[in-house]
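First comes the structure, then the notes that go with it.
The values are calculated or read from the model by the stated rules, or taken from the named source; none is laboratory data. Not measured: the values here are computed from a predicted model. Cβ: placed from backbone, ideal geometry, glycine included. Neighbour counts: every protein chain shown.
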Amino acid sequence: MNMHPTINKIIAVIAGVAIGVMLMNAIQTFSPFQPPPGVDYTSGDPPYLQWVRALPDKAWMIVLGSMLAGSLLGGFVTNKITPPANFPPLITGFVILFFGIVRYLAFASPAWMTYAACIGCLAFAWAGGWLSPRVRLKNTFGFENK
């Protein structure tokens, strides 16, 4: 099936973001730093804001690590789906960064976390895109991905 290159890139970015955010959420789900029961970031309640402001540096390092891992995998997946280019993985990294901003960084995160996330998400997404054509994957049916 031949698809317009722009549509292919859009689908690749959506897939990369979805996979990256799933990895980010999985890492954060198993983190020892969890919000109080019944409080989540979508409610906008003050208890969530208080919880985020009270997070120790270890928790912020886990959040940053999850964002960087999600960006790396997201950029990798994006360039596996579309012909390798620099721009689509950067869009993936930016969207994952935006998700992190909405979830954590907008709530008075430490300055080092904000700077590291802004630079790191884009750099790791680019690195994932750079790695993508250099890594060959073998699927379960024995066909090789080139």
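Every condition in (1) hydrophobic (A, V, I, L, M, F, W, C); (2) within 23 Å of Pro5 (Cβ to Cβ); (3) not in a helix (DSSP H, G or I) holds for Val77 except the one numbered (3). Checking each residue of region 18-40 against the condition of being closer than 22 Å to Met113 by Cβ, polar (S, T, N, Q), in contact with a Pro (Cβ under 9 Å, 6 or more places away or on another chain) and buried (at least 19 other Cβ atoms within 10 Å of the Cβ) gives no match. Of the residues Gly120, Gly100, the single one that is out of contact with any strand residue (DSSP E or B) (no Cβ under 9 Å at 6 or more places or on another chain), farther than 20 Å from Trp51 by Cβ, in contact (Cβ under 8 Å) with a residue 40 or more places away in the chain and in a helix (DSSP H, G or I) is Gly120.
Restricting region 41-53 to residues that are in contact (Cβ under 8 Å) with a residue 24 or more places away in the chain and assigned to a helix (DSSP H, G or I) leaves a set whose member that is surrounded by the fewest Cβ atoms within 10 Å (Cβ to Cβ) is Arg53.
Answer with yes or no whether Ala85 is closer than 18 Å to Ile14 by Cα, of a type in the set (A, V, I, L, M) and at pLDDT 95 or above. Here the answer is no, as Ala85 does not meet what is asked. With respect to the conditions (1) at pLDDT 90 or above; (2) over 10 Å from the mean Cα position of the chain (by Cα); (3) within 20 Å of Ala117 (Cα to Cα), Leu97 falls short on a single one, namely (2).
Scanning region 116-146 for residues that are of a type in the set (Phe, Trp, Tyr) and at pLDDT below 90 returns Phe141, Phe143. Out of Ile101, Ile96, one residue alone is closer than 14 Å to Gly120 by Cβ and surrounded by fewer than 19 Cβ atoms within 10 Å (Cβ to Cβ). It is Ile101. Only residues that are modelled with pLDDT under 85 and among the aliphatic types (A, V, I, L, M) were counted in region 102-115, giving 4. The residue of region 54-93 that is nearest to Phe124 (Cα to Cα), among those that are crowded, with 22+ Cβ neighbours inside 10 Å and of a type in the set (Gly, Ala, Ser), is Ser71. The criterion of being modelled with pLDDT under 95, within 18 Å of Ile101 (Cβ to Cβ) and out of contact with any Gly (no Cβ under 8 Å at 6 or more places or on another chain) does not hold for Ala54.
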